[in-house]
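First up is the structure itself, then whatever we jot down about it.
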Amino acid sequence: MTNYKKQKLSPGHNACAGCGQLSAVQSVMRALSDDTILISATGCLEVTTTAYPQSAWQLPWIHSLFENAAPIASGIKAALNKKKKKTKVVIQAGDGATYDIGLGLISGMWERGEEILYICYDTEAYSNTGVQASGSTPWGANTVTTPAGEKSFGSSQVKKDMLKIALAHGLNYVAQSTSAFPDDITNKVKKALATPGPSYLQILSPCMPGWQIKTDQAGQGGRLAVQTGLYPLLQYIHGELSTSSIKKDFKALPVNDYLSIQGRFQHLSKDEIKQIQALADKNIKHFAL
Ligand SMILES: Cc1ncc(C[n+]2csc(CCOP(=O)(O)OP(=O)(O)O)c2C)c(N)n1
Ligand code: SF4
Ligand SMILES: [Mg+2]
């Protein structure tokens, strides 16, 4: 029988059934020791785990505003340093908090070189407030602020490259995964925490209402993102690509396998799907190891 008392995130949360983000969090928690402090920006993770007066967290946990998880973590780290404590500090935030609203303050934290792990659960939209487009929303996706219709094919912006932004700050550890690869996530969190300096891990987290998928499709979505080359599993150590799910003999599945299971891409024409295929082809060349 599962000993829920030993889980760092208890099952008593109220996320949507099948939420990719909540399953990714469990994979992250498996890598953390009890000597860890968590900071959560506003978003689905915070809202679904801490409905007042309860909390699903079994570790010290603090809720920041949407935009200021990074400086709160910096303050906690400074206090720990002063007390000569080695407690790990881990931020968890959505793509809206990371790619858009908190970006300036994240940049400051990274400039200061503080040993804090930042984890972005990338649902590719502002899920908690009803699926508005963020800087992470992929080209062609239908969201409430990029609605597909007669005059629009959905989002006309290409997903912002957060990994490159993290690498440009000289981070020693930068990695990407998806919620469908629990062991990959757990290993990357352990590696990030063992690497000196700031680190960044981004996890693609399928979202039922955002992606318009069924409650049993988060695993399939996270796997197909990797198998098509659209969201490869990547790890950069000291700025160098050290592991990649794209090997020299990688046989990619067509992007349509990934797009066709999601309601947010149903409106795309064959030509538009070709443009998304070109993005995956570019990744396959760029990230092959
Ligand atoms: C400064 C500010 N702007 C907007 C909001 C409203 N808001 C709360 S959660 C949320 C969406 C969060 O999106 P994301 O960071 O991607 O996390 P997700 O819910 O997708 O996991 C928004 C817009 C807020 N709380 N604070
Ligand atoms: S809206 Fe999306 S991210 Fe939020 S709890 Fe539901 S499935 Fe998870
Ligand atoms: Mg999001």
Problem set entry | Hey, GLY170 in contact with an Asp or Glu (Cβ under 8 Å, 6 or more places away or on another chain) and either at pLDDT below 95 or open to solvent by 10 Å² or more (accessible area, probe 1.4 Å) (or both) or not | no
For this session: Would you mind telling me which numbered condition in (1) closer than 25 Å to ALA218 by Cβ; (2) part of a helix (DSSP H, G or I) PRO71 fails?
Result: (1)
Exercise. Looking at region 175-193, which of its residues are part of a strand (DSSP E or B) and either within 27 Å of HIS267 (Cβ to Cβ) or open to solvent by 60 Å² or more (accessible area, probe 1.4 Å) (or both)?
Worked result: THR178
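Does LYS6 qualify as being touching a helix residue (DSSP H, G or I) at 6+ places or on another chain (Cβ under 8 Å) and basic (Lys, Arg)? Don't jump to the end; show me each part of the working.
Values: touching a helix residue (DSSP H, G or I) at 6+ places or on another chain (Cβ under 8 Å): no; basic (Lys, Arg): yes.
No.
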For this session: Filter region 153-164 down to residues that are without any contact (Cβ under 8 Å) to a residue 60 or more places away in the chain and open to solvent by 40 Å² or more (accessible area, probe 1.4 Å) and give me whichever is farthest from MET208 (Cα to Cα).
Result: LYS164
Problem set entry | All positions within region 106-138 that are more than 29 Å from GLY154 (Cβ to Cβ) and within 14 Å of ligand 1 (Cβ to nearest atom) | none
Problem set entry | Which listed residue, of VAL144, VAL158, VAL131, is over 15 Å from the mean Cα position of the chain (by Cα), hydrophobic (A, V, I, L, M, F, W, C), within 30 Å of GLN266 (Cα to Cα) and within 12 Å of ligand 3 (Cβ to nearest atom) | VAL131
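Listed residues GLY263, GLY221, GLY197; which is open to solvent by less than 10 Å² (accessible area, probe 1.4 Å) and in contact (Cβ under 8 Å) with a residue 40 or more places away in the chain? Walk me through it before giving the result.
Numbers: GLY263 fails: open to solvent by less than 10 Å² (accessible area, probe 1.4 Å); GLY197 fails: open to solvent by less than 10 Å² (accessible area, probe 1.4 Å).
Every option except GLY221 fails the conditions.
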Seminar exercise, completed: In region 1-57, anything of a type in the set (A, V, I, L, M, F, W, C), within 16 Å of ligand 1 (Cβ to nearest atom) and part of a helix (DSSP H, G or I) is listed as LEU22, ALA24, VAL25, VAL28, CYS44, LEU45, VAL47
Exercise. How about region 226-254: which of its residues are open to solvent by 20 Å² or more (accessible area, probe 1.4 Å) and hydroxyl-bearing (Ser, Thr, Tyr)?
Worked result: TYR236, SER242, THR243, SER245
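So, ALA141, is that one farther than 17 Å from GLY102 by Cβ, within 16 Å of ligand 1 (Cβ to nearest atom) and surrounded by 23 or more Cβ atoms within 10 Å (Cβ to Cβ) or not?
yes
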For this session: Looking only at region 30-69, count how many residues are over 25 Å from TRP211 (Cα atoms), away from ligand 3 (no atom under 16 Å from the Cβ), open to solvent by less than 50 Å² (accessible area, probe 1.4 Å) and not polar (S, T, N, Q).
Result: 8
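Take VAL89 and tell me if it is crowded, with 18+ Cβ neighbours inside 10 Å, in contact with an Asp or Glu (Cβ under 9 Å, 6 or more places away or on another chain) and hydrophobic (A, V, I, L, M, F, W, C). Spell out how you get there, then give the answer.
Working: crowded, with 18+ Cβ neighbours inside 10 Å: yes; in contact with an Asp or Glu (Cβ under 9 Å, 6 or more places away or on another chain): yes; hydrophobic (A, V, I, L, M, F, W, C): yes.
In short, yes.
The values are calculated or read from the model by the stated rules, or taken from the named source; none is laboratory data. The structure displayed is predicted, hence computed values, not measured ones. In this analysis, Cβ positions are derived from the backbone assuming ideal geometry, glycine residues included, and neighbour counts consider all displayed protein chains. These accessible areas exclude ligands, DNA and RNA; they are computed on the full protein's heavy atoms, side chains included. Shrake-Rupley method; radii C 1.70, N 1.55, O 1.52, S 1.80 Å.
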